[in-house]
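The values are calculated or read from the model by the stated rules, or taken from the named source; none is laboratory data. Predicted model only: the values in this text are computed from it and were never measured. Here the Cβ positions follow ideal geometry from the backbone for every residue, glycine too, while neighbour counts run over all protein chains shown. Ligands, DNA and RNA are excluded from the accessible area calculation, which covers all protein heavy atoms including side chains. Shrake-Rupley method; radii C 1.70, N 1.55, O 1.52, S 1.80 Å.
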Amino acid sequence: MEFNMPDTETQQNSRRRKKSTVWEHFTVKSDGPGCAKAYCKKCKKSFAYLKDSKQAGTSHLKRHISLGICQKNQQTPCSKTDVSPPKKRPRAKPCLAISFDQERCNSNIAKMIILHDYPLHIVEHQGFIDFVRTLQPQFNPLSFNAIQGNCVGMYLREKQNLLNLIDGIPGRVNLTLDLWTSNQTSAFVFLRGHFVDGNWNLHHPILNVFMVPFPDSGCSLNQAIVNCLSDWHLKGRLFTLALDKFFSNETLMENLRSLLSFKNPVVLSGQFLSQNCYARVISRLVSDALSAMRETIDKVRESVKYVKSSKSNERKFFELRQQLQVPSMMDLLIDDRNKWDTIYLMLVAACELKEVFACFDAADPDFRMTVTLDEWKQVETLCAYLKFLYDAANILTVQPYPTANVFFLEVSKLQVELTCAALSHDPFCSRLIMPLREKFDLYWKESCFILAVAVVMDPRYKMKLVESTFVKIFGENADHWIRIVENGLNELFLEYNIIQVLPFTATNDDEGNDAVIKAELFPDGSFDGSLFAAEDGLSDIELYISDLTCNQQFKSELDEYLEEPLEPRVQEFDILSWWRINGFKYPTLSRLASDILCMPVSTLSADSVFDTEIRKMDSYRSSLDSLTLEALICTKDWFQYKSLPINVPNTLIKVEC
């Protein structure tokens, strides 16, 4: 007889039992006064349920069902397929109302376009509109003008952030100019800044992108640089300017040198105006070497192309390689003639498999492009010296825009290797390398002072590396070059000392350095033209310099730094952190170091280091107005290299385009 609870409590328990799916498999029967048990409908096994008005619950009943261990009629096991585990009733989930923010969506679309170079017209493409509306039906499509305004607004906001950062840096700014051509009679100049902030973090943002006639007489470019200095508050704060000889001429260089000397007295009268891009110098040497062996390289290239032209050819080549047991660490690849590193890697891989190529015509009668043994030897010689150039250029890809101290060692090593190769007894090697060495000599002599000054700021080397390297390269003339570096360092350090006593303040375009100093020394305007001349005719600045150089009773910071023991030579050495820590010990020298170490040696970005041609602006970007083009390129660069944090507000600056 089934158990029925007559009292109110039992009725409440009965109602609760009906809510659980476990009672599809159990029934409750009385087992005496105030006691009841649950019996499995399959195996008739009893379980505690109610005793002395205390209910046992249903967990043990559910466990019995889920384990499938009950036996029907005490003999047949109850399978899991026969008895389904009790199903939990799904709980009602709270309904969350998510509001759609159109402004935030617009700003994220603008950021997407900037970061991934999508065309502005993408917002009007029906496929894009359908996709976004699938995600959010409330989305209102944007017009070309609207997204253009959003991108420019984002640029203006981030530009102000960058300007605030530059205004707050303690040191100076270095500039590089890079040129892109186009299908039109114009070119695009990328002006990039390089500086160290107050926390000794290195920054290298693109500051401006502007269009100039191509070829340019120099006037347009010169005026654009002047505008940039004014726009970014850099008058009197420029340390070096580097550009490539490709678009420089004597008129432009003289104008820029005058500009630097007039507005920036610290740059040694324009000596830090460089027209040698490290990456392009190396690329030109490679191009010359490849041109000298064009016919042989073409034969190797065609051989590689034939093998890579089909899976069948590749399989035959691989089988022959296994038969000949030729070891190789590289796979064959088809080169990109616009990237000289791919040409080098293609030649290296082919040289490792030259024995296979020599026999491949026997395995494949259709293969007819054969390279002679002498030609393979010449290619191997070429690859040996291309490796020096490849390693020298690769510095710029491992770490984009590395500090300037790393280049002296690599450039001097390359200079030594090319010199030895040019004097080789092998006539082919000497004939191949001699023109390269002559061109590189020009770069070395024009740049070794800047590179040497930078490596002296490395506490692991100081003047020791400069002295030993100059002895190796210049021989008996080494002392002359060593004195040039020492005198240049002392002059720079002296000028930084003067700045601390007579701080330089930017003035308008018609005032020179003397006017700045007059304003500092004679704020009331009482100046007689002699800058406080002494009885012997020396100005106050000359007297100050004389006191520093002739009457010093103590060692300068520069002397103390150079006399200190060298830091251990470890590979993972953070030179900026070292100067940040030692800035209190060398306050003046650390300011000089911060400006020198962020000097750019190359004008190219990391993805352009191995280019064989000047980059070309595509037709789409060339069609954009100058402000929109600058906004897209500069903002992407700031986001990509994290010179500034990606911080896009919900509400953008609205710009009418």
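Full extension from residue 161 to residue 441: what is 0.36 nm times the residue separation minus their Cα-Cα distance, to one decimal in nm?
On the way: separation 280, 0.36 × 280 = 100.80 nm, distance 4.27 nm.
Extending this stretch completely gives an extra 96.5 nm.
Grab the beta carbon distance between residue 302 and residue 324, set R0 = 22 Å, and tell me the FRET efficiency rounded to 0.05.
Once rounded, the FRET efficiency stands at 0.55.
How fast does the stretch 357-396 diffuse by Stokes-Einstein, in µm²/s, taking the Kirkwood radius from C-alpha pairs at 37 °C and 0.692 mPa s?
Translational D for this selection: 268 µm²/s.
Cα atoms only: what Rg and Dmax, in Å, come out for the stretch 323-419?
In Å, with Rg to one decimal and Dmax whole: 17.0, 55.
In whole Hz and in residue order, list the ³J(HN,Hα) couplings for the stretch 111-122 that follow from phi through the Karplus curve 6.51 cos²θ - 1.76 cosθ + 1.60, θ = phi - 60°; x for Gly and Pro.
Once θ is set to phi - 60°, the couplings for the stretch 111-122 become 5, 4, 4, 5, 5, 10, 6, 6, x, 4, 5, 4 Hz.
Can you tell me how the stretch 131-238 classifies by the Cα gyration tensor, rounded, prolate or oblate, using a/c under 1.5 as the rounded cut?
oblate
Compute the Cα gyration tensor for the stretch 125-188, then decide on rounded, prolate or oblate, letting a ≥ b ≥ c be the square roots of its eigenvalues: rounded whenever a/c is under 1.5, prolate when a/b is larger than b/c in the other cases, and oblate in all that remain.
On the way: a/c = 3.81, a/b = 1.65, b/c = 2.30.
Since a/c reaches 1.5 but b/c is at least a/b, the shape of the stretch 125-188 is classed as oblate.
Starting from the amide H of residue 186, placed 1.01 Å from N in the peptide plane, find each other amide H under 5 Å away whose residue is 5 or more places distant or on another chain.
Under 5 Å from the amide H of residue 186: 214.
Please list 493, 573 from largest to smallest accessible area, probe radius 1.4 Å, with all protein chains kept in place.
573, 493
Just subtract the alpha-carbon distance of residue 487 and residue 63 from 0.36 nm times their residue separation and send over the number in nm, one decimal.
Working: separation 424, 0.36 × 424 = 152.64 nm, distance 9.00 nm.
Difference between extended and current length: 143.6 nm.
My understanding is that a pair violates if its Cα-Cα distance is over 23 Å; which of 299/339; 299/413; 616/636; 413/585 do that in this structure?
299/413; 413/585
Residues in the stretch 131-172, backbone N under 16 Å from the label point at residue 108 (7 Å along the Cα-to-beta-carbon vector): list them, ranges by number please.
131-142
Ordering 368, 437 by how much accessible area each has at a 1.4 Å probe, largest first, what is the list?
Reading off the accessible areas and sorting them downward yields 368, 437.
State the Cα centre-to-centre distance between the stretch 153-183 and the stretch 553-618 in whole Å.
21 Å
Given R₀ = 35 Å, FRET efficiency for residue 186-residue 369 by Cβ-Cβ distance, to 0.05?
0.25
Could you calculate the FRET efficiency of residue 20 with residue 118 from 1/(1 + (r/R0)^6), where r is the beta carbon distance between them and R0 is 51 Å, rounded to 0.05? Don't jump to the answer; show the numbers that get you there.
Numbers: r = 57 Å, r/R0 = 1.11.
In this case the efficiency is close to 0.35.
How large is the direction-averaged shadow of the alpha-carbon convex hull of the stretch 312-357, in nm²?
Average projection, Cα convex hull of the stretch 312-357: 3.2 nm².
Residue 330 accessible area, nearest 10 Å², 1.4 Å probe?
We get 50 Å² for residue 330.
Starting from the Cα-Cα distance between residue 426 and residue 334, subtract it from 0.36 nm times their residue separation and give me the gain in nm to one decimal. Intermediate results must be reported in sequence, preceding the final value.
Working: separation 92, 0.36 × 92 = 33.12 nm, distance 3.02 nm.
Contour length minus the Cα-Cα distance gives 30.1 nm.
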